[in-house]
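Working notes, beginning with the structure itself.
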Amino acid sequence: MALTAASPAYAQDAAPHLLPDSLNLEIVDGSIIPEDCQYPASITDTTRFEIACVTMPRVISTEISAQYVGQLGEQGWRQGDYVSGGMTAVRTDENNCRRVLNIFPSPFPASDVDSEVVVIWFALDRAPRCSGTQPG
């Protein structure tokens, strides 16, 4: 397929997992980590979010996206809320605090609604959401 031949395939070799220190998602065949994720301004605050992205051909994006969601499910993540432009996934950590992962699919680049490429932006909230006061 011409779309994958023009993509920077070496990015997959350089980073075989997305967010290896937290989510550690395996890169799904057919998707790549682009050189420039072109993140929306709403998730570029890296003090608040740990961010990553993958791109894929639109024609197989549903299948590839389902594999990423499956990996999250295997790690205990569950569907959270629908939010503007995407959804959240939530998981309770070992301290009984809720972790929130924002997931935003979009045409890539976002300004090209007819693009043959789709991106998924992942934005993991760095601050766990704990109810009550936690020992510290």
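The values are calculated or read from the model by the stated rules, or taken from the named source; none is laboratory data. These figures come from a predicted structure and were not determined experimentally. As a convention, Cβ positions derive from the backbone with ideal geometry for all residues, glycine included, and neighbour counts pool all protein chains shown.
Output the residue which, of all residues in region 76-95 that are loosely packed, with under 13 Cβ neighbours inside 10 Å and either out of contact with any Phe, Trp or Tyr (no Cβ under 9 Å at 6 or more places or on another chain) or among the polar types (S, T, N, Q) (or both), is nearest to residue 117 (Cα to Cα). Selected residue: 84. Within region 19-36, track down each residue that is within 11 Å of the chain's Cα centre (by Cα) and either closer than 20 Å to residue 112 by Cα or of a type in the set (Phe, Trp, Tyr) (or both). The answer is 33, and nothing else. Restricting attention to region 99-113, the residues being modelled with pLDDT of 95 or more and either in contact with a Gly (Cβ under 6 Å, 6 or more places away or on another chain) or over 15 Å from residue 56 (Cα atoms) (or both) number 6.
Whenever a residue of region 57-75 is more than 15 Å from residue 86 (Cβ to Cβ) and touching a residue at least 24 places away in the same chain (Cβ under 8 Å), its partners that are among the charged types (D, E, K, R) and surrounded by 12 or more Cβ atoms within 10 Å (Cβ to Cβ), lying with C-beta atoms within less than 6 angstrom and at least six residues away or across chains, give the pairs 58/116.
This table checks each residue for (1) in contact with a strand residue (DSSP E or B) (Cβ under 8 Å, 6 or more places away or on another chain); (2) hydrophobic (A, V, I, L, M, F, W, C); (3) in a helix (DSSP H, G or I); (4) at pLDDT 95 or above.
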{"position": "8", "(1), (2), (3), (4)": "yes, no, no, no"}
{"position": "30", "(1), (2), (3), (4)": "yes, no, no, yes"}
{"position": "39", "(1), (2), (3), (4)": "yes, no, no, yes"}
{"position": "42", "(1), (2), (3), (4)": "no, no, yes, no"}
{"position": "66", "(1), (2), (3), (4)": "no, yes, yes, yes"}
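The residues of region 77-109 that are more than 15 Å from the chain's Cα centre (by Cα) and part of a loop (DSSP other than H, G, I, E, B), listed by number, are 84, 93, 94, 95, 96, 97, 109.
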